[in-house]
Amino acid sequence: GSLDLPWTLRRNLRYDGVPFHLRFRRRKHQQATLYVVCDVSGSVSRVARFLLLFLHHLADALPELRLFVFSSELGEITELMRTTSPERAVEQALSEWGRGSTDYGHAFARLEALITDKLDRRSSMLILGDARSNLRDPRTRALASLARRLRQVLWLNPEPPEQWGEGDSLMRQYGPFCRRVDRCARLADLERFAERLL
């Protein structure tokens, strides 16, 4: 921090102004938050399970972490991951939130309603999913609104890039709001991403 000159001068008057005792102002660093949003539908559940367990074990090295999962509905599992063993918490999240037909647009709109007032430019968002939304409304405005308030949005997609945009994939529509979109189908992909994140 910077030297606190008034305090230093007052404290050292008895030494004829010779600064024996220095005081520095310390900056208060507010911790950034990492928002993780995982598609836990059947097509992505294997990778989502691994990512959630991986993040749980990295919790000490990461900034403040908030975890959300969805398929047709979105729910927060941050407290569940803190209070339950990681394996049980992930299994419970997958069984409770992994049912139904995937709807990315609805998930992003719900997420925007839940966290918009807590977002700032220090925070980041990590999304894991194949962006296949069963031909539902993509609601790109909700993701765009989130991205404007965050430092960065990162997306991990288990499908190969040549499939992004095919069929019901919305990856080409969501991609412009992300700083990076990477493939994540193997452990090596996740390790490479974690190194960049840390």
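The values are calculated or read from the model by the stated rules, or taken from the named source; none is laboratory data. Bear in mind the structure is a predicted one, so any value in this text is a computation, not a measurement. Using ideal geometry, Cβ is built from the backbone for each residue, glycine included, and neighbour counts are taken over all protein chains shown. Quick note on the areas: whole protein, heavy atoms, side chains included, nothing else; ligands and nucleic acids left out. Shrake-Rupley method; radii C 1.70, N 1.55, O 1.52, S 1.80 Å.
Could you please find all residues in region 151-176 being within 27 Å of H56 (Cβ to Cβ) and open to solvent by 10 Å² or more (accessible area, probe 1.4 Å)? If you could, list the steps in order and put the result at the bottom.
Here is the first cut: in region 151-176, the residues within 27 Å of H56 (Cβ to Cβ) are 151-159, 171, 174.
Within region 151-176, R151, Q152, L154, P158, E159 meet the criteria.
Kindly indicate the residue of region 177-196 that is surrounded by 15 or more Cβ atoms within 10 Å (Cβ to Cβ) and hydrophobic (A, V, I, L, M, F, W, C) and also nearest to W164 (Cα to Cα) among those meeting that condition.
Only one residue tops the list, namely V181.
Taking region 64-89 on its own, how many of its residues are part of a helix (DSSP H, G or I), basic (K, R) and modelled with pLDDT of 90 or more?
Residues in region 64-89 being part of a helix (DSSP H, G or I), basic (K, R) and modelled with pLDDT of 90 or more: 1 in total.
Can you tell me how many residues within region 1-41 are assigned to a loop (DSSP other than H, G, I, E, B), open to solvent by 100 Å² or more (accessible area, probe 1.4 Å) and either modelled with pLDDT under 75 or out of contact with any Asp or Glu (no Cβ under 8 Å at 6 or more places or on another chain) (or both)?
The initial filter retains those residues of region 1-41 that are assigned to a loop (DSSP other than H, G, I, E, B), namely 1-2, 4, 12, 16-23, 25-32, 40-41.
Right, trim to open to solvent by 100 Å² or more (accessible area, probe 1.4 Å) and you get 16, 20, 23, 25-31.
Pick out the ones that are also either modelled with pLDDT under 75 or out of contact with any Asp or Glu (no Cβ under 8 Å at 6 or more places or on another chain) (or both) and you get 16, 20, 26-31.
Number of matching residues: 8.
Could you check region 90-141 and list, in sequence order, the residues that are part of a helix (DSSP H, G or I), under 21 Å from P176 (Cβ atoms) and among the charged types (D, E, K, R)?
Result: E112, R141.
Would you mind stating whether V90 is surrounded by 22 or more Cβ atoms within 10 Å (Cβ to Cβ) and over 13 Å from the mean Cα position of the chain (by Cα)?
yes
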